[in-house]
Structures are given as C-alpha cells and as structure tokens.
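Every number here is computed from the coordinates shown, using simple stated rules; none is lab data. Keep in mind the model is a prediction, meaning the values are calculated, not measured. Note that we place each Cβ from the backbone using ideal geometry, even for glycine, and neighbour counts take in every protein chain shown.
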C-alpha cells in the first residue's frame, strides 16, 4: 500500500461513520514489546489490527538444526521495523484487552503498511476471526505470497501457523511443539 492518502482511506473506512479523523501516534523505540504484534506504551496495550505473530514459546528448527522460539523471531523483526522505520499508528478498534491500530512505516519516500510488511516478510500471519476468515482479507493474500516465496519463517518446514495452534488449544487438542 503506497501513499498516505490510501492508508488514510483504509483507516477511515475501518472506523464507524461518526468517528473523527484518525489521530496518528508514533510507535517509538522504547515501548515494551509483548509479541510480534503487540506492545505496551503508557500503560496501554496496542495490537496491530489484522495480524497474528508467531506465538512465543512455539518452536521451529532453523537450517543449522537448532530449535528457535518462533514468537521471539516475530518480536525481533517488529523491533527492527520500529527502530528502522519509525512507524505511526491510528486506532481502528478498541476492546477491553487492547487498542487495535493500523500503522504505517516510512521507507525512503514511501509509506508502507507495517502489518503488511510483517506478513510479507514472513514473520507474521493474517489474523483470523472467530468464523475462521481473515480479519483483513488483503493480509491473507500477503501471507499466501510470503508462504509461496518461503519468506522469513516460512522457509522452515516445521513452522506451525498460530491460527492452527490457537484453534487446537481452544478445542482442547494437543498442541505439542
């Protein structure tokens, strides 16, 4: 997604009709990252809308045969994007647990959707709703493309999609790592 106008349209269409224009907040280095899709700033929890990072504590095997924490990999990439691109975010929804935000990162003269960057790089996934459908369908397309290219975590054969793990946990099935 290129350009602030297109990003603003996407944010505006995600808000209720009576909502005011979005207020963009900087996503600064120094926030407390909880995962590859959430952080705490000023005692408020924020989460990238439509994104599911790898779950902390789930493991994959790297090309050297070492077991690595998938969630830590997602978190490290989010931290790098924050440090390198200084994203700004606008709230799109709020729950008791978190403020869901859409963020854009500046790379050169381009403004890019941070969630899309995370997913296309293969270090995050399209979040699914309770109905099993993507919360934001374009992110599912981005995920499919990343998987086809074997980008990021998709290059490792034993990476497990977090939606599958969360679904199994919700159904009381074994989620052995």
Requested in this report: Just grab the label-to-label distance for residue 76 and residue 56, each label 7 Å out from Cα along the Cβ direction, in nm (one decimal).
Outcome: 1.5 nm
**Report entry** Length-normalised contact order for region 27-81 - Cα pairs under 8 Å, 6+ apart - percent
**Finding:** 34 percent
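Indicate the gyration tensor shape class of region 98-158 (rounded, prolate or oblate), computed on the Cα atoms with a ≥ b ≥ c the square roots of the eigenvalues: a/c under 1.5 is rounded; otherwise a/b larger than b/c is prolate and the rest oblate. Walk me through the numbers on the way to the answer.
Working: a/c = 2.05, a/b = 1.09, b/c = 1.88.
Judged from the Cα gyration tensor, region 98-158 comes out oblate (a/c at least 1.5, b/c at or above a/b).
Taking the Cβ-Cβ separation of residue 158 and residue 40 as r and a Förster radius of 41 Å, what is the calculated FRET efficiency to the nearest 0.05?
Numbers: r = 30 Å, r/R0 = 0.74.
Working from the Cβ atoms, E equals 0.85.
Give the order of 82, 99 when sorted by the count of other beta carbons within 10 angstrom, beginning with the fewest.
On the way: 82 21, 99 17.
So the residues, fewest neighbours to most, are 99, 82.
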Report task. Compute the relative contact order of region 4-165 as a whole-number percentage, counting only Cα pairs closer than 8 Å that sit 6 or more residues apart in sequence. Result -> 23 percent
**Report entry** Contour minus Cα-Cα distance for residue 150 and residue 86 (0.36 nm per residue)
**Finding:** 20.4 nm
Query raised in the report: In region 4-165, how does Rg compare with the Kirkwood Rh, expressed as the Rg/Rh ratio over alpha carbon atoms?
Result: 0.96
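Compute the length gained on full extension between residue 141 and residue 97: take 0.36 nm times their separation in residues and subtract their Cα-Cα distance, giving the result in nm to one decimal. List each step's numbers first, then the result.
Values: separation 44, 0.36 × 44 = 15.84 nm, distance 2.72 nm.
Between residue 141 and residue 97, full extension yields 13.1 nm more.
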Query - Length released on extending from residue 133 to residue 109, taking residue separation times 0.36 nm less the Cα-Cα span - result: 5.3 nm
